[in-house]
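Working notes, beginning with the structure itself.
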Amino acid sequence: MTEPLHLRTIMGSIERRGIWTVPNEVTARVLMGSIELDLREADLGPDTTIEAHVTLGSLEIYVPRDVVVDVNVDTFAASVENGASNIGVGSARVVPPELSVEEIRAGVVVPPSIDGHAPYRDPARTPARRIRVTGSARLGSCEIIPLDRGETIHDHARRLREHLRAHRHF
């Protein structure tokens, strides 16, 4: 899409939200600060990689719920939460990544094959948008949170609580 985006903060904060074009490669470096990336209204390509390096700080990435998110972040005394992988709370990871964006938005779910594996991938089908988060976190946190447009973090927490209540096993 465009040139790589390099975000770096030391003892400060950076926020990107609203309508903006996200390049295929984003580097986010945090040292004793915070970066907040809101990708819900952003123009995302089919494959975006966010390289995160967090030390004594936080990185929060708000993603649309129709995006597949892969996280591979090394940690040392840090936390990495991929809210997009929670089953049943509207994340794209519940849906096979072979589905097109239109099918995911429409709520189409292809049943698994007889042996329980994902169905055959149709090569003609357009794959869903994918975000890869890689890098490292040291004494900090990296959170990926799936939200709809206009939805707040409190709405997300409420949706998560309702899901947990509905799936209690006593």
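A few notes on this one:
- Cβ-Cβ under 7 Å pairs, at least 6 apart or on other chains, the range 1-16 side more than 14 Å from GLY140 (Cα to Cα) and open to solvent by 80 Å² or more (accessible area, probe 1.4 Å), far side of a type in the set (S, T, N, Q) and assigned to a loop (DSSP other than H, G, I, E, B): MET1/ASN24
- Single unsatisfied condition, GLY33 versus (1) under 20 Å from ALA78 (Cα atoms); (2) in contact with a Lys or Arg (Cβ under 9 Å, 6 or more places away or on another chain): (2)
- Extreme residue, surrounded by the most Cβ atoms within 10 Å (Cβ to Cβ), among residues of the range 63-85 that are on the phi < 0 side of the Ramachandran plot and not in a strand (DSSP E or B): ALA84
- Qualifying residues in the range 142-161 (those that are touching a strand residue (DSSP E or B) at 6+ places or on another chain (Cβ under 9 Å) and aliphatic (A, V, I, L, M)) - the one surrounded by the most Cβ atoms within 10 Å (Cβ to Cβ): ILE144
- Applying a threshold of 6 Å to beta carbon distances and a minimum spacing of six or more residues, or different chains, the list of pairs starting in the range 146-170 at a residue that is more than 19 Å from LEU39 (Cα to Cα) and part of a helix (DSSP H, G or I) and ending at one that is β-branched (Val, Ile, Thr) and modelled with pLDDT under 85 reads ARG159/VAL89; LEU160/VAL89; HIS163/VAL89.
- Hits in the range 24-52 - residues which are within 15 Å of VAL133 (Cα to Cα), surrounded by 17 or more Cβ atoms within 10 Å (Cβ to Cβ) and not charged (D, E, K, R): VAL26, ALA28, VAL30, ILE35, LEU37, LEU39, LEU44, THR48, THR49, ILE50, ALA52
The values are calculated or read from the model by the stated rules, or taken from the named source; none is laboratory data. Note that the structure is predicted; figures quoted are calculated from it, not measured. FYI the Cβ positions are ideal-geometry reconstructions off the backbone, even for glycines, and counts take in every protein chain you see. To get the accessible areas, we keep the full protein, side chains included, count just its heavy atoms, and leave off ligands, DNA and RNA. Shrake-Rupley method; radii C 1.70, N 1.55, O 1.52, S 1.80 Å.
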